[in-house]
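The values are calculated or read from the model by the stated rules, or taken from the named source; none is laboratory data. No experiment lies behind these values; they were computed from the predicted model shown. Because the Cβ atoms are built from the backbone with ideal geometry, glycine has one as well, and the counts that use them run over all protein chains shown. Just so you know, the surface numbers come from the protein's heavy atoms only, side chains and all, with ligands and any DNA or RNA stripped out. Shrake-Rupley method; radii C 1.70, N 1.55, O 1.52, S 1.80 Å.
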Amino acid sequence: MKLRSLLFVPGDRPDRVQTAAGCGADALILDLEDSVAIEAKDAARREVAAALRQGPRPLPYLVRVNPLNSPFLNDDLAALQGSSPDGIVLPKAEGSASINELLRRMQARGLSCQVLPIATETAASVFRLGEYATCASHLLGLTWGAEDLCAAIGAESPRDADQRLTAPFEMVRSLALFAAHAAAVPAIDTIFPAIRDLTGLATHARRAAHDGFTGMMAIHPLQVATINAAFIPSAALLERSRRIVAAFASHPGAGVLQIDGAMVDAPHLKQAQRILLRAADEESPPPP
(Lines give C-alpha, C1' and ligand atoms only; values in the text may rest on other atoms or scores of the structure.)
Protein backbone atom coordinates (compact mmCIF):
# COMPACT_ATOMS: atom_id res chain seq x y z
CA MET A 1 0.00 0.00 0.00
CA LYS A 2 1.49 3.33 -1.07
CA LEU A 3 1.27 5.80 1.82
CA ARG A 4 2.61 9.07 0.50
CA SER A 5 -0.39 11.23 1.46
CA LEU A 6 -3.01 10.20 4.04
CA LEU A 7 -6.01 12.51 4.37
CA PHE A 8 -8.11 12.76 7.52
CA VAL A 9 -11.88 12.90 7.01
CA PRO A 10 -14.26 13.46 9.95
CA GLY A 11 -16.27 10.30 10.45
CA ASP A 12 -19.51 12.20 10.99
CA ARG A 13 -19.23 13.95 7.61
CA PRO A 14 -20.11 11.34 4.99
CA ASP A 15 -20.54 14.09 2.41
CA ARG A 16 -16.79 14.66 2.51
CA VAL A 17 -15.73 11.09 1.82
CA GLN A 18 -16.56 11.07 -1.89
CA THR A 19 -14.94 14.46 -2.42
CA ALA A 20 -11.87 13.44 -0.47
CA ALA A 21 -11.56 10.17 -2.37
CA GLY A 22 -11.05 12.09 -5.59
CA CYS A 23 -8.40 14.54 -4.39
CA GLY A 24 -5.37 12.36 -5.13
CA ALA A 25 -4.61 11.07 -1.65
CA ASP A 26 -3.13 7.59 -1.34
CA ALA A 27 -5.44 6.72 1.57
CA LEU A 28 -8.28 8.23 3.58
CA ILE A 29 -8.36 8.13 7.36
CA LEU A 30 -12.00 8.09 8.46
CA ASP A 31 -11.79 9.66 11.89
CA LEU A 32 -13.73 8.58 14.96
CA GLU A 33 -11.48 10.38 17.43
CA ASP A 34 -10.55 14.06 17.75
CA SER A 35 -12.61 15.51 14.89
CA VAL A 36 -15.84 13.95 16.23
CA ALA A 37 -17.62 15.39 19.26
CA ILE A 38 -18.68 12.91 21.95
CA GLU A 39 -22.38 13.39 21.18
CA ALA A 40 -21.71 12.63 17.48
CA LYS A 41 -19.64 9.48 17.92
CA ASP A 42 -22.51 7.01 17.50
CA ALA A 43 -23.59 8.69 14.27
CA ALA A 44 -19.97 8.78 13.08
CA ARG A 45 -19.58 5.04 13.69
CA ARG A 46 -22.66 4.35 11.57
CA GLU A 47 -21.44 6.62 8.77
CA VAL A 48 -17.95 5.11 8.75
CA ALA A 49 -19.31 1.56 8.71
CA ALA A 50 -21.62 2.49 5.84
CA ALA A 51 -18.75 4.04 3.86
CA LEU A 52 -16.70 0.88 4.32
CA ARG A 53 -19.56 -1.30 3.04
CA GLN A 54 -20.26 0.71 -0.13
CA GLY A 55 -18.72 -1.69 -2.61
CA PRO A 56 -15.31 -1.26 -4.25
CA ARG A 57 -13.21 1.49 -2.68
CA PRO A 58 -11.35 3.93 -4.92
CA LEU A 59 -8.45 3.92 -2.46
CA PRO A 60 -7.67 2.39 0.95
CA TYR A 61 -9.92 3.47 3.81
CA LEU A 62 -8.25 3.47 7.22
CA VAL A 63 -10.17 4.20 10.42
CA ARG A 64 -8.78 6.19 13.33
CA VAL A 65 -10.39 4.76 16.42
CA ASN A 66 -10.32 6.22 19.91
CA PRO A 67 -7.39 5.46 22.27
CA LEU A 68 -7.05 2.22 24.18
CA ASN A 69 -7.81 3.85 27.52
CA SER A 70 -10.93 5.65 26.29
CA PRO A 71 -14.49 4.47 26.95
CA PHE A 72 -15.20 4.64 23.20
CA LEU A 73 -12.79 2.14 21.62
CA ASN A 74 -14.82 -1.03 22.14
CA ASP A 75 -17.86 0.60 20.55
CA ASP A 76 -15.70 1.76 17.64
CA LEU A 77 -14.50 -1.79 16.98
CA ALA A 78 -17.98 -3.24 17.39
CA ALA A 79 -19.28 -0.84 14.73
CA LEU A 80 -16.55 -1.97 12.32
CA GLN A 81 -17.41 -5.68 12.50
CA GLY A 82 -17.96 -7.08 9.03
CA SER A 83 -16.80 -3.90 7.28
CA SER A 84 -13.13 -4.85 6.59
CA PRO A 85 -11.27 -1.54 6.95
CA ASP A 86 -7.91 -1.41 5.17
CA GLY A 87 -6.19 -0.46 8.40
CA ILE A 88 -6.73 0.89 11.89
CA VAL A 89 -5.05 4.10 13.06
CA LEU A 90 -4.35 3.94 16.79
CA PRO A 91 -3.90 7.28 18.57
CA LYS A 92 -1.86 7.65 21.75
CA ALA A 93 -0.07 4.35 21.13
CA GLU A 94 2.62 3.44 23.65
CA GLY A 95 4.81 0.78 22.07
CA SER A 96 4.28 -2.88 21.32
CA ALA A 97 1.98 -3.47 24.29
CA SER A 98 -0.54 -1.06 22.78
CA ILE A 99 -0.39 -2.80 19.41
CA ASN A 100 -0.83 -6.23 20.98
CA GLU A 101 -3.79 -5.09 23.07
CA LEU A 102 -5.48 -3.50 20.08
CA LEU A 103 -4.95 -6.65 18.02
CA ARG A 104 -6.48 -8.72 20.83
CA ARG A 105 -9.58 -6.53 20.87
CA MET A 106 -9.78 -6.52 17.07
CA GLN A 107 -9.56 -10.31 16.94
CA ALA A 108 -12.43 -10.57 19.41
CA ARG A 109 -14.51 -8.57 16.91
CA GLY A 110 -13.37 -10.51 13.86
CA LEU A 111 -11.29 -7.63 12.51
CA SER A 112 -8.08 -8.48 10.69
CA CYS A 113 -5.96 -5.67 9.28
CA GLN A 114 -2.73 -3.86 9.99
CA VAL A 115 -2.30 -0.93 12.36
CA LEU A 116 -0.83 2.55 11.90
CA PRO A 117 0.16 3.81 15.35
CA ILE A 118 0.38 7.50 16.16
CA ALA A 119 3.37 6.81 18.30
CA THR A 120 4.28 9.98 20.23
CA GLU A 121 1.13 11.55 21.66
CA THR A 122 2.00 10.97 25.33
CA ALA A 123 5.22 11.64 27.22
CA ALA A 124 5.62 7.94 28.03
CA SER A 125 5.23 6.94 24.39
CA VAL A 126 8.49 8.61 23.40
CA PHE A 127 10.40 6.06 25.48
CA ARG A 128 8.66 3.11 23.77
CA LEU A 129 9.44 3.97 20.16
CA GLY A 130 12.10 1.28 19.84
CA GLU A 131 9.56 -1.46 20.57
CA TYR A 132 7.72 -1.21 17.25
CA ALA A 133 10.35 -3.32 15.52
CA THR A 134 9.10 -6.29 17.57
CA CYS A 135 5.59 -6.07 16.06
CA ALA A 136 6.45 -4.69 12.63
CA SER A 137 4.52 -7.38 10.73
CA HIS A 138 1.31 -5.92 12.17
CA LEU A 139 2.10 -2.34 11.15
CA LEU A 140 1.11 -0.37 8.05
CA GLY A 141 3.70 2.21 9.00
CA LEU A 142 4.47 4.52 11.88
CA THR A 143 3.53 8.15 12.34
CA TRP A 144 3.85 10.69 15.09
CA GLY A 145 1.80 13.54 16.50
CA ALA A 146 2.83 16.91 17.89
CA GLU A 147 -0.47 18.45 18.98
CA ASP A 148 -1.50 15.90 21.62
CA LEU A 149 2.06 15.65 22.89
CA CYS A 150 2.12 19.42 23.26
CA ALA A 151 -0.99 19.27 25.42
CA ALA A 152 0.39 16.32 27.39
CA ILE A 153 3.50 18.19 28.50
CA GLY A 154 1.93 21.64 28.88
CA ALA A 155 3.88 23.33 26.09
CA GLU A 156 2.45 26.50 24.57
CA SER A 157 2.83 25.18 21.03
CA PRO A 158 4.91 22.60 19.19
CA ARG A 159 5.78 25.23 16.56
CA ASP A 160 7.20 28.71 16.53
CA ALA A 161 5.75 31.68 14.66
CA ASP A 162 6.95 30.48 11.24
CA GLN A 163 5.47 26.98 11.79
CA ARG A 164 8.83 25.29 12.41
CA LEU A 165 8.86 22.69 15.16
CA THR A 166 10.58 23.73 18.36
CA ALA A 167 13.54 21.74 19.70
CA PRO A 168 11.69 19.17 21.87
CA PHE A 169 9.30 18.30 19.06
CA GLU A 170 12.10 18.14 16.48
CA MET A 171 13.75 15.56 18.70
CA VAL A 172 10.56 13.48 18.90
CA ARG A 173 10.10 13.73 15.14
CA SER A 174 13.60 12.38 14.61
CA LEU A 175 13.07 9.51 17.05
CA ALA A 176 9.84 8.56 15.30
CA LEU A 177 11.62 8.60 11.94
CA PHE A 178 14.33 6.27 13.21
CA ALA A 179 11.78 4.02 14.93
CA ALA A 180 9.92 3.54 11.64
CA HIS A 181 13.09 2.67 9.77
CA ALA A 182 14.24 0.36 12.55
CA ALA A 183 10.94 -1.49 12.10
CA ALA A 184 11.31 -1.34 8.28
CA VAL A 185 7.85 0.24 7.86
CA PRO A 186 6.81 3.49 6.13
CA ALA A 187 7.70 6.62 8.10
CA ILE A 188 4.78 9.06 7.94
CA ASP A 189 5.33 12.66 9.01
CA THR A 190 2.74 14.50 11.07
CA ILE A 191 0.23 17.09 9.91
CA PHE A 192 0.97 20.69 8.92
CA PRO A 193 -1.84 22.60 10.66
CA ALA A 194 -1.80 25.86 8.64
CA ILE A 195 -4.27 24.75 5.98
CA ARG A 196 -3.99 27.80 3.72
CA ASP A 197 -0.20 28.10 3.91
CA LEU A 198 0.68 25.91 0.94
CA THR A 199 4.13 27.50 0.65
CA GLY A 200 4.93 26.56 4.22
CA LEU A 201 3.47 23.11 3.64
CA ALA A 202 5.66 22.60 0.58
CA THR A 203 8.75 23.50 2.59
CA HIS A 204 7.75 21.16 5.41
CA ALA A 205 6.88 18.29 3.07
CA ARG A 206 10.07 18.63 1.02
CA ARG A 207 12.07 18.57 4.23
CA ALA A 208 10.21 15.44 5.33
CA ALA A 209 11.13 13.69 2.09
CA HIS A 210 14.71 14.95 2.37
CA ASP A 211 15.02 13.60 5.92
CA GLY A 212 13.78 10.11 5.08
CA PHE A 213 10.03 10.17 5.66
CA THR A 214 8.07 8.35 2.98
CA GLY A 215 4.75 10.16 3.38
CA MET A 216 2.79 12.72 5.35
CA MET A 217 -0.59 13.27 6.93
CA ALA A 218 -3.02 15.84 5.48
CA ILE A 219 -5.96 17.50 7.19
CA HIS A 220 -7.51 19.17 4.13
CA PRO A 221 -7.85 18.10 0.48
CA LEU A 222 -6.04 21.30 -0.57
CA GLN A 223 -2.86 19.93 1.01
CA VAL A 224 -2.75 16.64 -0.89
CA ALA A 225 -1.25 17.75 -4.20
CA THR A 226 1.52 19.68 -2.44
CA ILE A 227 2.39 16.68 -0.28
CA ASN A 228 2.38 14.29 -3.24
CA ALA A 229 4.70 16.55 -5.23
CA ALA A 230 7.18 16.76 -2.38
CA PHE A 231 7.68 13.00 -2.26
CA ILE A 232 8.42 12.63 -5.99
CA PRO A 233 12.21 12.69 -6.48
CA SER A 234 13.37 15.71 -8.48
CA ALA A 235 14.78 15.33 -11.97
CA ALA A 236 18.22 16.37 -10.73
CA LEU A 237 18.17 13.81 -7.92
CA LEU A 238 17.04 11.07 -10.29
CA GLU A 239 19.77 11.92 -12.80
CA ARG A 240 22.47 11.84 -10.14
CA SER A 241 21.12 8.56 -8.77
CA ARG A 242 21.19 7.00 -12.24
CA ARG A 243 24.77 8.14 -12.72
CA ILE A 244 25.85 6.64 -9.40
CA VAL A 245 24.19 3.31 -10.17
CA ALA A 246 25.64 3.27 -13.69
CA ALA A 247 29.12 4.13 -12.44
CA PHE A 248 29.20 1.25 -9.99
CA ALA A 249 27.74 -1.09 -12.63
CA SER A 250 30.64 -0.12 -14.91
CA HIS A 251 33.20 -0.67 -12.14
CA PRO A 252 31.90 -3.73 -10.25
CA GLY A 253 35.04 -4.14 -8.18
CA ALA A 254 35.27 -0.55 -7.04
CA GLY A 255 34.61 0.43 -3.43
CA VAL A 256 34.83 4.18 -3.98
CA LEU A 257 34.24 6.27 -7.09
CA GLN A 258 34.21 9.97 -7.91
CA ILE A 259 31.04 11.65 -9.21
CA ASP A 260 31.01 15.40 -9.90
CA GLY A 261 34.16 15.88 -7.85
CA ALA A 262 32.76 14.09 -4.80
CA MET A 263 33.62 10.65 -3.46
CA VAL A 264 30.78 8.12 -3.43
CA ASP A 265 30.80 4.63 -1.92
CA ALA A 266 28.44 1.83 -0.89
CA PRO A 267 26.01 3.97 1.21
CA HIS A 268 25.63 6.41 -1.70
CA LEU A 269 24.92 3.51 -4.06
CA LYS A 270 22.30 2.10 -1.70
CA GLN A 271 20.61 5.49 -1.40
CA ALA A 272 20.64 5.99 -5.18
CA GLN A 273 19.03 2.59 -5.68
CA ARG A 274 16.32 3.44 -3.14
CA ILE A 275 15.57 6.74 -4.88
CA LEU A 276 15.20 5.01 -8.24
CA LEU A 277 12.92 2.37 -6.72
CA ARG A 278 10.77 5.10 -5.19
CA ALA A 279 10.51 6.83 -8.55
CA ALA A 280 9.52 3.57 -10.24
CA ASP A 281 6.84 3.05 -7.60
CA GLU A 282 5.44 6.53 -8.30
CA GLU A 283 5.20 5.71 -12.00
CA SER A 284 3.52 2.32 -11.54
CA PRO A 285 -0.30 2.30 -11.88
CA PRO A 286 -2.37 1.62 -8.76
CA PRO A 287 -3.78 -1.90 -8.41
CA PRO A 288 -7.31 -2.38 -9.80
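Okay, residues lined up against (1) free of Cβ contacts under 8 Å to residues at least 40 places away in the same chain; (2) part of a loop (DSSP other than H, G, I, E, B):
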| residue | (1), (2) |
| --- | --- |
| Met1 | no, yes |
| Leu6 | no, no |
| Arg13 | yes, yes |
| Ala20 | no, no |
| Ala49 | yes, no |
| Gly55 | yes, yes |
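Checking the conditions here, which among Phe192, Phe231 is at pLDDT 95 or above and either within 13 Å of the chain's Cα centre (by Cα) or not polar (S, T, N, Q) (or both)? First the steps, then the outcome.
On the way: Phe231 fails: at pLDDT 95 or above.
Just one listed residue meets the conditions, Phe192.
Out of (1) within 26 Å of Thr214 (Cβ to Cβ); (2) of a type in the set (A, V, I, L, M, F, W, C); (3) open to solvent by less than 30 Å² (accessible area, probe 1.4 Å); (4) out of contact with any helix residue (DSSP H, G or I) (no Cβ under 8 Å at 6 or more places or on another chain), the odd one out for Met1 is which?
Every listed condition holds for Met1 apart from (3).
So which pairs qualify, if the first residue must be in the range 199-218 and under 16 Å from Leu116 (Cβ atoms), the second must be surrounded by fewer than 17 Cβ atoms within 10 Å (Cβ to Cβ), the Cβ gap must be under 9 Å, and the two must be at least 6 apart or on different chains?
Pairs that qualify, where the first residue is under 16 Å from Leu116 (Cβ atoms) and the partner is surrounded by fewer than 17 Cβ atoms within 10 Å (Cβ to Cβ), are Phe213/Arg207.
When only residues in the range 116-132 that are surrounded by 24 or more Cβ atoms within 10 Å (Cβ to Cβ) and of a type in the set (A, V, I, L, M, F, W, C) count, which is farthest from Ser83 (Cα to Cα)?
Among them, the one singled out is Leu129.
For the structure I just gave you, tell me whether Gln107 is polar (S, T, N, Q) and either buried (at least 16 other Cβ atoms within 10 Å of the Cβ) or in contact with a His (Cβ under 9 Å, 6 or more places away or on another chain) (or both).
Details: polar (S, T, N, Q): yes; either buried (at least 16 other Cβ atoms within 10 Å of the Cβ) or in contact with a His (Cβ under 9 Å, 6 or more places away or on another chain) (or both): no.
So Gln107 does not fit the description; no.
Output the number of the condition that Asp15 fails; it satisfies all remaining conditions of (1) surrounded by 14 or more Cβ atoms within 10 Å (Cβ to Cβ); (2) modelled with pLDDT under 95.
All conditions are met except number (1).
Applying the selection to the range 27-42, what residues are more than 21 Å from Gly215 (Cα to Cα), free of Cβ contacts under 8 Å to residues at least 40 places away in the same chain and open to solvent by less than 40 Å² (accessible area, probe 1.4 Å)?
Residues satisfying the conditions are Val36, Ala40, Lys41.
Is it true that Leu62 is outside any loop (DSSP other than H, G, I, E, B), closer than 24 Å to Ala183 by Cβ and touching a residue at least 60 places away in the same chain (Cβ under 8 Å)?
Criteria met by Leu62.
Mind checking which pairs have a first residue in the range 150-167 that is among the small types (Gly, Ala, Ser) and a second that is exposed (fewer than 14 other Cβ atoms within 10 Å of the Cβ), Cβ under 6 Å, 6 or more apart or different chains?
Hits for this filter: Ala152/Ala123.
Tally up the residues in the range 79-93 that are under 16 Å from Leu140 (Cβ atoms) and open to solvent by 50 Å² or more (accessible area, probe 1.4 Å), please.
2
Just the residues that are open to solvent by 80 Å² or more (accessible area, probe 1.4 Å), more than 19 Å from Thr203 (Cα to Cα) and outside any helix (DSSP H, G or I), please, taken from the range 133-186.
Of everything in the range 133-186, those that are open to solvent by 80 Å² or more (accessible area, probe 1.4 Å), more than 19 Å from Thr203 (Cα to Cα) and outside any helix (DSSP H, G or I) turn out to be Glu156, Ala184.
Taking Asp211, is it acidic (Asp, Glu), over 21 Å from Arg64 (Cα atoms) and in contact with a strand residue (DSSP E or B) (Cβ under 9 Å, 6 or more places away or on another chain)?
Taking the combined requirement at face value, the residue satisfies it.
Could you list, in sequence order, all residues of the range 102-132 that are touching a Phe, Trp or Tyr at 6+ places or on another chain (Cβ under 6 Å) and either aromatic (Phe, Trp, Tyr) or without any contact (Cβ under 8 Å) to a residue 60 or more places away in the chain (or both)?
Listed by number, the list holds a single entry, Thr120.
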